[in-house]
Amino acid sequence: MGAWYWIGVAAGLGAAAGVLLAGALRLAALVVAVVAAAAGAGLGYGIDAWQPGSWGDVAAGAAGGLLGGLGAAQIVRGALRRGGTAGGTALIVAGVAVGAAGIAWVPALGYVEALALPALAARLRRRSPERYAGLRTLARD
């Protein structure tokens, strides 16, 4: 494997860190993205110290964290707005983050993962209703 593989791993692990932090912190999307970018840069630095990739590992980890944090923060905020509990949402998002970290080790999927999370969040935001009406619709007379 060449340096391109390790740069992709750094991007994917940064995105997974962004997802995990979005579920755990539940703060504004910009704050989550900045913290996730720092975590991704740290992961990229760790990969750079271990395998070849140079500054690309650090940059890809930071970019993956930024994009993953922005995308996941949108999804978490939407789930909480529609009635999801904070603990349940955090648990589900943590499971997704573990899966995303596993996907990051597949060649080239780390890149795709970092780019797909914000695209998925934008698509879900456009299509989502404000709140599920449930049985309240039957109570109206």
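The values are calculated or read from the model by the stated rules, or taken from the named source; none is laboratory data. Because the structure is a prediction, the values reported are computed rather than measured. Because the Cβ atoms are built from the backbone with ideal geometry, glycine has one as well, and the counts that use them run over all protein chains shown.
Conditions tested, residue by residue: (1) buried (at least 20 other Cβ atoms within 10 Å of the Cβ); (2) under 23 Å from ALA3 (Cβ atoms).
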{"residue": "ALA33", "(1), (2)": "yes, no"}
{"residue": "ASP48", "(1), (2)": "yes, yes"}
{"residue": "LEU67", "(1), (2)": "yes, yes"}
{"residue": "ALA72", "(1), (2)": "yes, no"}
{"residue": "ARG81", "(1), (2)": "no, no"}
{"residue": "ALA86", "(1), (2)": "no, no"}
{"residue": "LEU91", "(1), (2)": "no, no"}
{"residue": "VAL96", "(1), (2)": "no, no"}
Output for Cβ contacts, cut-off 6 Å, separation at least six or different chains, first residue surrounded by fewer than 16 Cβ atoms within 10 Å (Cβ to Cβ) and assigned to a loop (DSSP other than H, G, I, E, B) in the stretch 101-129, second at pLDDT below 90 and not aromatic (Phe, Trp, Tyr), reads SER128/GLY78
Just a yes or no: is a residue in the stretch 71-81 within 19 Å of VAL9 (Cα to Cα) and part of a helix (DSSP H, G or I)?
-> yes
Exactly one of VAL93, VAL35, VAL98 is in a helix (DSSP H, G or I), closer than 15 Å to LEU13 by Cα and in contact with a Leu (Cβ under 6 Å, 6 or more places away or on another chain), and that one is VAL35
Every residue from the stretch 98-141 that is among the hydrophobic types (A, V, I, L, M, F, W, C) and either over 16 Å from LEU70 (Cα atoms) or modelled with pLDDT of 95 or more (or both) = VAL98, ALA101, ILE103, ALA104, TRP105, VAL106, ALA108, LEU109, ALA133, LEU135, LEU138, ALA139
Output the residues belonging to the stretch 24-49 that are out of contact with any helix residue (DSSP H, G or I) (no Cβ under 6 Å at 6 or more places or on another chain) and closer than 17 Å to PRO118 by Cβ.
-> ALA28, LEU30, VAL31, VAL34
